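First up is the structure itself, then whatever we jot down about it.
The values are calculated or read from the model by the stated rules, or taken from the named source; none is laboratory data. Here the structure is a predicted model, which is why all the values come from computation and not from measurement. All Cβ positions, glycine included, derive from the backbone under ideal geometry; neighbour counts span all protein chains shown. Just so you know, the surface numbers come from the protein's heavy atoms only, side chains and all, with ligands and any DNA or RNA stripped out. Shrake-Rupley method; radii C 1.70, N 1.55, O 1.52, S 1.80 Å.
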Amino acid sequence: MITRGSRKRESGTDSGPQRALIGASFVSRVGNGLFNTAAILYFTLVVHLPAAQVGAGLTIAGLVGLAAGVPAGNLADRYGPRGVWLTSLALQTVTMAAFVLIDGWLAFTVVATLDRLAAAAGGAAGGALVARVGGERPAAFRARLRTFVNLGVVVGTLGAAFAIQIDTRPAYTALILANAASFACAGLIALLGVPDYRPLPRPEEHRQWSVLADRPYVSFVALYSAMGLQYQTVSLLLPIWLTAHTDAPHWTVAAVYAINSGVCVLLQSRLGSRVETPRQGGRAFRLAGLLFLVSCPLMALTADVPPWVAPALAVLAVCIHSVGEVWESSGGYALGFGLAPDHAQGQYQGLFGIGFDAGQALAPLILTGAVLALGHTGWLLLGLLFAGLGAAGPPVAAWAERTRPTQPGTDAASSRGQGGSPLLEAER
C-alpha cells in the first residue's frame, strides 16, 4: 500500500504528469467524438453494410472485448500501467486506421473486435495510471480530467458535423484517420510527459483474480453498472421519446445533447472535487438517484404539454439529470478507486470496466424494450430504479470500508486508498 508520504514523493506538487495525462485524454476523446458521431453512417452508407449487420458486429465486438479488462489490469499491476496503456493506444491506432480498408461484414467484425479488446485493455491500464498520477488531491484531479474528457468529445462531435454535412467517402475517411491519429498523439504525449511508474509491491495473498472474491467491490460494480442506464436515458431514450411521442420541434433533440454536455463540463470540477472518500461517494450516489427520480417523470411529461412547452420542459429535465450525472460519476470514481488496493488498481479497474461496458450493452434493450414500451409508467419505474440504486450507495460504501484491510503505520485514509484514486473515463 502507498502511504501519504510515498504518494507525495511519487507525485509531489509537480502537476506536469497530470497536465500530460489530461492532454493525452483530451486529444484521444476529440478523436472519439469525431468517429463515434459518424461511425454508423460510414458503415452503412459508405461500406454498405446493413444496419442489422453493423449492430451484430458491434455486439460481438463488445462481448469479446469484455475479456480483456482483468488480464490487462493484471499486466498493468505487474509491469507498470504506462507501458500497457501505451501498447493499447498503439493497437487502437492500427485498428482504427484499418476501418478504412474493410469491405465486408467479416472484416468489419474482426477489426471492431480487435479495437474493443484494445480499448478494454486501455481502460484498465489507464485507470491504474490515473491512480498513480492523482497526487494528494485525487478528487480534484479526476474532476478536471473528466471535464476535459467531456470537452474533447464535444469538440470532436462539432468537427464531425462538417464531415456529415459533406457526406462523401473522403470526408468519412478523414474522420476515421483523424481518430487513429488522436490515439497516436495521445500516446506520444503520455510517453513524453507521464512517468513510467514502477509496479507496487504485492502482498503474498495477492491473486490475479482476487477482485472476484471482494464481494463488496463486486456489489459496487453491479450497482454502478445498473446506474449506468442513466447515460443512455439522455442519449437514446429521451430522443426517441421526443420524436415519437411529442410534438416538440426536432431541434429539441440537439438541444438536450448540447445542454447535457455543457452542464457536465461546467459542473464536473466544481462538484466532483468534493467527493473524495468512498463514504462521500456513497452519499453522492444517493443524491444522484434522487435527482434522477425527479428528472425521469419530467421527461415523460413532455408528451403531455403543448409543443411550445415541451422543449422547455425537456431542457429543465435534462439540466436536473445532468447534475445527477455529475454526482453519480463522482461517486463512482470515489468508490471505484477508493476501495481498490493500490497494488491491484489495474485488476480492479478491469472488473469495473467489464461491469460498466456490460451495463451499457444491455441498456438499449432495457430502455427501448421495457421503459419505452410501458410509456409513462416505464419512466416512473426507471426513476424509482435509479432512486433505489442510489439509496444502496451509502450502505454498500460502509460495508466495503469495513472490509478494507488496515496496516500498522498507515492512517485509515491511506490504507483504504482514499488518498489517490481517480478514474480514467471510458463511457463518455
### Query
With springs only between Cα atoms under 10 Å, which of 55, 393, 152 fluctuates most in a Gaussian network model of the chain?
55
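Any chance you could run the full-extension gain for residue 243 through residue 376? It's 0.36 nm times the residue separation minus the Cα-Cα distance, nm to one decimal.
On the way: separation 133, 0.36 × 133 = 47.88 nm, distance 1.53 nm.
The span from residue 243 to residue 376 would gain 46.4 nm if fully extended.
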### Task
Identify, among 271, 388, 241, the residue whose Cα sits farthest towards the positive end of the charge dipole of the chain, taking +1 on the Cβ of Lys and Arg and -1 on the Cβ of Asp and Glu, with the dipole about the Cα centre.
271
### Query
Whole-Hz Karplus ³J(HN,Hα) for the stretch 186-194, in order, using 6.51 cos²θ - 1.76 cosθ + 1.60 and θ = phi - 60°, x for Gly and Pro?
4, x, 5, 4, 5, 4, 7, x, 10
## Note on the structure
In whole angstrom, the spacing between the Cα centers of the stretch 297-345 and the stretch 357-372 equals 16
### Message
How far apart, in nanometres, would the label points at residue 222 and residue 391 be if each is projected 7 angstrom from Cα along the Cα-to-Cβ direction?
### Response
1.8
### Task
At a 1.4 Å probe radius, which order do 196, 77, 357 fall into by accessible area, largest first?
196, 357, 77
## Note on the structure
So residue 106 and residue 368, fully extended at 0.36 nm per residue minus their Cα-Cα distance, gain in nm 91.5 nm
### Task
Rounded to the nearest Å, what's the spacing between the alpha carbon centres of the stretch 98-168 and the stretch 26-92? Just the number, please.
8
### Message
Modelling each spin label as a point 7 Å along the Cα-to-Cβ direction, I'd like the residue 312/residue 161 distance in nm, to one decimal.
### Response
2.5
### Message
Considering only protein heavy atoms and a probe of 1.4 Å, how much of the accessible area of the chain is carbon and sulfur, as a whole percent?
### Response
67
### Task
Would you mind working out the accessible area per residue for the chain, using a 1.4 Å probe, and quoting it in Å²?
41
### Message
What does the extension gain come out to for residue 48 and residue 137, with contour length at 0.36 nm per residue minus their alpha carbon separation?
### Response
27.1 nm
#### Entry: Residue-by-residue Karplus 3J(HN,Hα) for the stretch 222-234, coefficients 6.51, -1.76, 1.60, Hz, glycine and proline x
4, 4, 5, 5, 5, 5, x, 4, 5, 5, 7, 4, 7
### Nitroxide proxy distance, nm - points 7 Å out along Cα→Cβ at residue 402 and residue 213
2.1
### With eigenvalues of the C-alpha gyration tensor scaled by 5 and rooted, the chain, Å
33, 27, 19
### Query
What figure in square angstrom, to the nearest 10, would you give for the accessible area of residue 79 with a 1.4 Å probe?
140
